[in-house]
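Here's the structure we're looking at; comments come further down.
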There are 2 protein chains.
Amino acid sequence: MEAVIWKRPCVLALRSCGPFATCGSRGTCGVRNGGRAPQRTFILRVINSAGSGAVVARPSSARKYKRSEGVDGKLAALRQLFHKPGLQMDAYIIPSQDPHQSEFIAECFMRRAFISGFTGSAGTAVVTKDKASLWTDGRYFLQAENQLSPDWMLMRAGTPGVPTISEWLTDVLSPGSKVGIDPFLFSSDAAEELKHTLSTKDHKLIYVYDGNLVDEIWKEDRPKPPTAPVRVHDIKYAGVDVSSKISSLRQNLVEAGATSIVISMLDEVAWLLNLRGNDVAHSPVAYAYLIVELDSTTLFIDPLKITPEVTVHLKNSNVTVKPYESLLLEVERLANCGAKLWLDTSCTNVAIVDAFHSACNKYFENLPKRSKQKSIKERNKLLDAKSIDIEMEEPLAIHKASPVSIAKAIKNGAELDGMRQAHLRDAAALAEFWTWLETKVVQDKMTLTEVEVADKLLEFRSKQAGFLDTSFDTISGSGANGAIIHYRAEPDTCDIVDDKKLYLLDSGGQYVDGTTDVTRTVHLGEPSSREKECFTRVLQGHIALDQAIFPEHTPGFVLDVLARSSLWKIGLDYRHGTGHGVGASLNVHEGPQGISYRYENMTGLQGGMIVSNEPGYYEDRSFGIRIENLVIVQDVETPNRFGGNSYLGFEKLTFVPIQSKLLDLSLMSPAEIEWLNNYHSEVWEKVSPLVQGDVNEWLWKNTRPVPVHSTA
Amino acid sequence: MEAVIWKRPCVLALRSCGPFATCGSRGTCGVRNGGRAPQRTFILRVINSAGSGAVVARPSSARKYKRSEGVDGKLAALRQLFHKPGLQMDAYIIPSQDPHQSEFIAECFMRRAFISGFTGSAGTAVVTKDKASLWTDGRYFLQAENQLSPDWMLMRAGTPGVPTISEWLTDVLSPGSKVGIDPFLFSSDAAEELKHTLSTKDHKLIYVYDGNLVDEIWKEDRPKPPTAPVRVHDIKYAGVDVSSKISSLRQNLVEAGATSIVISMLDEVAWLLNLRGNDVAHSPVAYAYLIVELDSTTLFIDPLKITPEVTVHLKNSNVTVKPYESLLLEVERLANCGAKLWLDTSCTNVAIVDAFHSACNKYFENLPKRSKQKSIKERNKLLDAKSIDIEMEEPLAIHKASPVSIAKAIKNGAELDGMRQAHLRDAAALAEFWTWLETKVVQDKMTLTEVEVADKLLEFRSKQAGFLDTSFDTISGSGANGAIIHYRAEPDTCDIVDDKKLYLLDSGGQYVDGTTDVTRTVHLGEPSSREKECFTRVLQGHIALDQAIFPEHTPGFVLDVLARSSLWKIGLDYRHGTGHGVGASLNVHEGPQGISYRYENMTGLQGGMIVSNEPGYYEDRSFGIRIENLVIVQDVETPNRFGGNSYLGFEKLTFVPIQSKLLDLSLMSPAEIEWLNNYHSEVWEKVSPLVQGDVNEWLWKNTRPVPVHSTA
């Protein structure tokens, strides 16, 4: 799956990439300040001189409005709630998030879709007393125009002249206004940034704890929170038992001077406890929080999800179960007990972080005055010494990236083996699929839509052992649709897959033992020389990255240029990253590593990580090309080890033929052709035992070596 | 010249890379704070978990002390000055800097060498009431051991267990001590960092304005400040006249809301005024400051340096001359007149920045109280609006990177042409030199030392029209000495250049029309297969970078990996950057661009910039390899322009043969061999008209194409 906008540690998760992308005060004020408060008030420290221009909102075109006209009453009802006792708000922000900053969310959290009518996966609604605006990004402009009523203004995020949410709010609200949010739906970092930005105009951000306001309107129509049973992720796939994982985590706590940690990301909870859930599409996770203390572990989850098998599993690992809703109480208890609580504020919602901070404040207020002064002095002394005495009785918040993220990213032997096995079965399903597609389109001249083709692919995958779900919504893009990076074919409007156009297929499966994500681009007829040149250059980038050998801990962005160089030679490029992390039978997008032009991600690559390798090229209104394999970062035996470093390379996980017909061999070096032939030889060797008859024949044909010419 | 430690915007200039490299609070505290003050006192925000370990100083080995024993009285004299009226200091730091953060400094500023006896180019001395320590880096450990008296402790910077200066100070001083510095020798940023670090232990940094304490001991023996005459840099080389440059700079001021700027970097002053000086070795600059206001330009310089020709030149450009020493008075005047003064705190010394801030403070203190309150309110309003009304009467400091740095980096047509011409004459001198060296060593079997060889090279360069000076100390390293990245051969201790070992020669010239910097590595006998493999891989990196095509504004670090990939394949690497900026008949090292693994330098490459391309490989105690050309960043005509971007590539400036004998052709691709043959063909075409006889013959032999084999 393409890697363009996934970003874990902020509100900019896939589901809301547009609106908040430019509102963050960290990007502007933090830099302008040079990371320090100015020495004296008359200093203007300017490092980035780009000023913000005038803000002009562009209203949605009413002409295109097709739904039943008129006000459905939701906005009026929501605005009435602004005046609830104790609130007195002037605006309310409704993001696309769930309380865990998940990429895929349960229906009960799709509040933005409910209130606005716009059902796209990314968007943020903001309602003031007399205005309602919805921010979304380019892939949803058309859909939003069709779905929004005239009560709403569409904000085409990323288009010149369109304000960010905070720019708009500071523009339309009178100074000193109150802006409300549901604190469960904003990470602490995102809320702090928003608070800071609003405060520059004297606005106040208020956390509405007393229930989500949209839910009060949604009432009984609101889908129930999911209660799908949780299952144990077999140790033969997990590789390491829960006790060992918790034990390593406790070691991290001790090293950081912490006594406890709140785990909020659903995949981190699932990975730590060797559990898998079924609460959302595509990701095998369950809604839950986890608190790990030095001597106890508590899972906060709806008890309905806990089967007898899971009860035993948890008991064996000394994990106590408490209701999902009781988390905040427990967080407050931790403060009262003097816990040193590790909180990853980039992904933990501000309700949790604030609950702990408030409880800490109360703790200190309740201390006798003299003892309080002494303790503050002592605490400062400790902070100064850069070490924390964990015997100290007072609570402390430690803001630091979750250690589970990196532990989960470095797969163990069993996880890697599960990934290898799942990829072979996935490759067999794809071989069956491609054989079917070629037969239907080329031989039978059938008319197939993008949706029908994607459905058929799911059918083939479903037959494979251990298949659970797709790992994301399949991107099935024919011709010009392939150029829409986040394209999702809809039955009513989609194109057909034929032998006239390039066809881009980006898809993946969730299996009991692994997660796949693969993109191939094919032409079932005669590709143009333009298409061949572009495809060849994308493949050259893919090969250059695949063959890279580099010192351990090299940040992924260092390698990004290898995937682009060949396109750059003729002035082409692509507007997304080159690689993202992938979970082992978990989320198809995970951090912390990545291979991208986002140069701020300094996470070094380490052996055992899994990343995608997916350069592409997209010609607007014409065609899209992407070639994606998943690879394992692995130690490589080099004849030297300069500086005592280990050197790393990639082991391929994906074994699906790359269409040789699309290559302009004259552009390729002998070494590149050799790479392709070796890859296809490996595909044949590994996948042919799994497929029979015409599929086996198709695989044979599509893995034959291409001739190595004399010079390039 | 290798690019390893040059870094413009901080105290870490070449001359003091070691000591301060790890003392900066920006690198630690700034990050730990996440760029913001913690919300509440009990939050410990930890992003970088690396703590500082215990500090153990390693004393210099007294056994190796060779100089006349005993105390020379300098330290005692210096310590006496600690008690001067109004001072009462506990320590004094003596860095290697001049007041302009120059790479090469005049003798009168070599105070650290005078006080410590250690004459290496990089090092910082710190003297307390009972201790004296000197920090230097690996290349000078041996020299420092020999030169320091037993009164001094040698701090081997970069060695495990060796404290940074501030770590050491906080260790040896009792809390609340006073540490003095000469504020002219520290950039404002460096001083602020030092002040912050010391303050964490309640120490106070004090600026000793009243003369440098070392000068008080040095007395009449101190060399006089240089008074070499300044000359006009001909408009045929400068390309743009002074009035136009000043006019562009004033446009920058207006856009930033500034009314004036202090230019402190000597090459920026020289470039802006089309002047060249002769005050220091290797860089054609003169000690001077420049203040540009919206309606006047003032050069602060010793009037002795101003010839009648220069007087006319400056008058034509409306530049007034004032004495060098009167700068601070002028800065104070600016504050009193309500100037909005642009200060680049990364390179402007803290004496200047502090003078302006103090004068501003006085200005506000002297305002009637009511008007003061009003004005502060108004000022905040203006800051908030991110725009500055330049009519506002009150002074303001604008801390921002100097706009001259980037203007100077982007060369105009005349500058580029001068660089091209100078490089051809330099190439002719090198052809003569290599012919001579081969004849002497191979044919005549002469014994030549590294110093003799470097001297002969200077002789050949000196014969070229317009030659002025070497652009840095020649690095002439035979065998194992080639592996010492900053090697400087000394007559007493240097090795011989023979036909048994690799020989690395990194050198450059200053010419009236350009500046050169070139490295070649040769073997005058039979290279080993190991040497050939390493040389070939270094060349492959050089070629990959040279051939890169990339979107405009790509930061240089993105390209760095291209120069390393081939070495990484076999587990090799080099510990320096790949490219640095070069001035046009100016400093051989200039910013702001670079090509390096220093990922924080986000300066984008732009057409007209000049950078070096100099990958290398160094095998300790064995050999060193570096291949360096200078290249011009230039627009490239690509068949596409994705996203409307221009694409950039490199034009070669350096035309000196690369020794084919050192290549393992079996490792090279046909495309790489083609690059080499094309390069040599161009070398022959451009340089052969400039050399005759045996030199012409040598050039012919050394530019013949190598065979392209069938596959790689």
> Bin by bin, in steps of 5 Å, what percent of the Cα pairs in the range B:72-221 do you find, going until the bin that has the longest distance?
Replying inline: 2, 9, 20, 23, 24, 15, 6, 1, 0
>> Report the Cα centroid-to-centroid distance between the range B:185-235 and the range A:549-564 in angstrom, as an integer.
In response: 41 Å
> Roughly how big is the A-B contact, given as buried accessible area in Å² (both sides, 1.4 Å probe, nearest 100)?
Replying inline: 6200 Å²
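Is the range A:159-202 rounded, prolate or oblate when judged by the Cα gyration tensor, a ≥ b ≥ c being the square roots of its eigenvalues, rounded requiring a/c under 1.5 and prolate requiring a/b larger than b/c?
Working: a/c = 2.00, a/b = 1.28, b/c = 1.56.
Oblate is the answer for the range A:159-202, as a/c is 1.5 or above yet b/c matches or exceeds a/b.
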>> Going by amide H atoms built from the backbone, whose H comes under 5 Å of the H on B:Thr654, apart from near neighbours?
In response: B:Leu630
> For the range B:556-712, what class follows from the C-alpha gyration tensor (a ≥ b ≥ c being the square roots of its eigenvalues): rounded when a/c is under 1.5, otherwise prolate if a/b is larger than b/c, else oblate?
Replying inline: rounded
> Relative to the other copies, what are the label-point distances for B:Pro705, with labels 7 Å from Cα along the C-beta vector, expressed in nm at one decimal and sorted shortest first?
Replying inline: 2.9
>> Once the label point is set 7 Å along the Cα-to-beta-carbon vector, what list of distances in nm do you get between A:Leu329 and its counterparts in the other copies?
In response: 7.7
>> As a test of the formula, what do you get for chain A when each DSSP H run with n ≥ 4 contributes -39,500 (n - 2.57) and the sum is divided by the residue count, at 222 nm and rounded to the nearest 500 deg cm²/dmol?
In response: -10000 deg cm²/dmol
> Mind listing the phi-derived Karplus ³J(HN,Hα) values for the range B:489-499, rounded to whole Hz, using 6.51, -1.76 and 1.60 with θ = phi - 60°, and x for any glycine or proline?
Replying inline: 5, 10, x, 6, 10, 6, 8, 9, 9, 9, 9
> Across the range B:481-487, in residue order, what do the Karplus-derived ³J(HN,Hα) couplings come to in whole Hz, using 6.51 cos²θ - 1.76 cosθ + 1.60 with θ = phi - 60° and x for Gly and Pro?
Replying inline: 5, x, 7, 8, 4, 10, 4
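With the radius of gyration and the Kirkwood radius both derived from the Cα set of chain A, what is their ratio Rg to Rh?
Numbers: Rg = 26.6 Å, Rh = 27.3 Å.
Using Cα coordinates only, the ratio equals 0.97.
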>> What aspartates and glutamates does B:Lys532 reach when the alpha-carbon gap must be under 14 Å and sequence neighbours fewer than 8 apart in one chain are set aside?
In response: B:Glu619, B:Asp664
>> Tell me the per residue accessible area of chain A using a 1.4 Å probe; a whole number in Å² is fine.
In response: 38 Å²
>> What whole-number distance in Å separates the alpha-carbon centres of the range B:620-678 and the range A:595-637?
In response: 26 Å
> Given the C-alpha centroids of the range A:140-171 and the range A:285-360, what is the distance between them in whole angstrom?
Replying inline: 38 Å
>> Ordered shortest first, which distances in nm separate the 7 Å Cα→C-beta label point of A:Gly607 from those of the other copies?
In response: 4.8
> When we measure straight from the Cα of A:Lys440, which aspartates and glutamates land under 18 angstrom away, once same-chain ones fewer than 8 places off are left out?
Replying inline: A:Glu432, A:Glu450, A:Glu452, A:Asp455, A:Glu459, A:Asp495, A:Asp498, A:Asp499, A:Glu526, A:Asp694, A:Glu697
>> I'd like the GluC sites (Glu not before Pro) in the range A:439-506 restricted to DSSP loop residues with at most 13 other Cβ atoms within 10 Å, sorted by number.
In response: none
> How big is the equivalent ellipsoid of the range B:172-240 along its three axes, where each semi-axis is √(5λ) from the Cα gyration tensor, reported in whole Å from largest to smallest?
Replying inline: 37, 21, 7
>> Output wanted: per-residue J couplings in Hz (rounded whole) for the range B:124-132, from phi through Karplus 6.51 cos²θ - 1.76 cosθ + 1.60, θ = phi - 60°, x for Gly and Pro.
In response: 9, 9, 10, 10, 10, 5, 10, 9, 9
>> Across the range A:432-540, what fraction of all alpha-carbon pairs, as a whole percent, falls in each successive 10 Å bin from zero upward?
In response: 14, 45, 33, 8, 0
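To the nearest µm²/s, what D does Stokes-Einstein give for the range A:410-697 at 25 °C and 0.890 mPa s, using the Kirkwood radius over alpha carbon pairs as Rh?
Values: Rh = 19.2 Å.
It comes out at roughly 128 µm²/s.
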> Which residues' amide hydrogens lie under 5 Å from the amide hydrogen of A:Met153, considering only partners 5 or more residues apart or on another chain, with H built in the peptide plane?
Replying inline: A:Ala132, A:Ser133, A:Leu134
> When the convex hull of the C-alpha atoms of the range A:496-582 is computed, what volume per residue in Å³ does it have?
Replying inline: 138 Å³
> Rounded if a/c is under 1.5, else prolate if a/b beats b/c, else oblate: with a ≥ b ≥ c from the C-alpha gyration tensor eigenvalues square-rooted, which is the range B:212-259?
Replying inline: oblate
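Mean shadow of the protein assembly as shown, computed from the convex hull of its alpha carbons, in nm²?
About 55.9 nm², averaged over all directions.
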>> If you roll a 1.4 angstrom probe over the protein chains with everything in place, what fraction of the accessible area of the protein assembly as shown belongs to carbon and sulfur, to the nearest %?
In response: 52 percent
> Which aspartates and glutamates have a Cα less than 16 Å from the Cα of A:Lys201, not counting those fewer than 8 places away in the same chain?
Replying inline: A:Asp90, A:Glu167, A:Asp171, A:Glu192, A:Glu193, B:Glu378, B:Asp384
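The values are calculated or read from the model by the stated rules, or taken from the named source; none is laboratory data. Nothing here was measured: the structure is a model prediction, and the numbers come from that model. Neighbour counts are summed over all protein chains in view; Cβ atoms, including those assigned to glycine, are modelled from backbone coordinates with ideal geometry. Side chains are part of the model used for accessible areas, which takes the heavy atoms of the whole protein and leaves out ligands, DNA and RNA. Shrake-Rupley method; radii C 1.70, N 1.55, O 1.52, S 1.80 Å.
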